[in-house]
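Contents: one structure, followed by commentary.
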Amino acid sequence: MNEWTNVAAASEIGPGEYRVVDIDEVAIAVFNLDGEYFAIEDVCTHDFGTLTGGCVEDGRIMCPRHGARFDIRTGEALTPPAYEPVATFPVRIHEDMVQVRDNRDD
Ligand code: FES
């Protein structure tokens, strides 16, 4: 089982903000949405563009390359040209640190 990785202190990721961490060459973006934290892979399923840098609104992120939108909470692809969901990851708060884990090999 993969270990939890520190992302940042909870106070460092304000509502609407995010941080990106690299876990074994997988870029994972951790978002604070109204005080809850959610993590998605920072790679668009349309053409592998980086998602962060795109507009975040109402719990959705828009890929800056061709405009596909994804639900940050579920990873669901909401609009073309992406149709496949982006990977999501578990997030926890441990001793005031936001931590994420790549659980795909569990
Ligand atoms: S790479 Fe994201 S919409 Fe094309």
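Derivation of every value follows stated rules applied to the coordinates shown; laboratory data play no part. This is a predicted model, so every value here is computed, not measured. Reconstructed Cβ throughout: ideal geometry from the backbone, glycine too, with neighbour counts over all protein chains shown.
Quick query: amide H of LEU33 versus all other amide H atoms, modeled in the peptide plane; which residues come in under 5 Å with a sequence gap of 5 or more or a different chain?
GLY16, PHE38
Of GLY14, THR50, PRO81, which is farthest on the positive side of the dipole of the chain, counting Cα position, with +1 on Lys and Arg Cβ, -1 on Asp and Glu Cβ, and the Cα centre as origin?
Sorting the options by dipole projection puts first PRO81.
Could you tell me what percent of the DSSP beta bridges with both partners in the chain are antiparallel, to the nearest 5?
On the way: 28 of 29 bridges.
Beta bridges within the chain, antiparallel portion: roughly 95 percent.
Arrange the following residues from fewest to most other Cβ atoms within 10 Å of their Cβ: TYR83, TYR18. Could the numbers behind the result be given before it?
Details: TYR83 10, TYR18 23.
So the residues, fewest neighbours to most, are TYR83, TYR18.
Can you list the residues, at least 5 places off or on another chain, whose amide H is less than 5 Å from the amide H of ILE23, using H built in the peptide plane?
So ILE23 has HN proximity to ILE28.
How big is the shadow of the Cα convex hull of the chain, averaged over all directions, in nm²?
Values: hull surface 24.7 nm².
Across all orientations, the chain yields a mean hull projection of 6.2 nm².
Taking the chain as a whole, which cysteines find no other cysteine Cβ under 4.7 angstrom from their Cβ?
So, CYS55.
Tell me, what ³J(HN,Hα) does each residue in the stretch 71-85 have, in order and in whole Hz, if you take phi through Karplus 6.51 cos²θ - 1.76 cosθ + 1.60 with θ = phi - 60° and put x for Gly and Pro?
7, 5, 6, 10, x, 4, 7, 9, 9, x, x, 9, 10, 8, x
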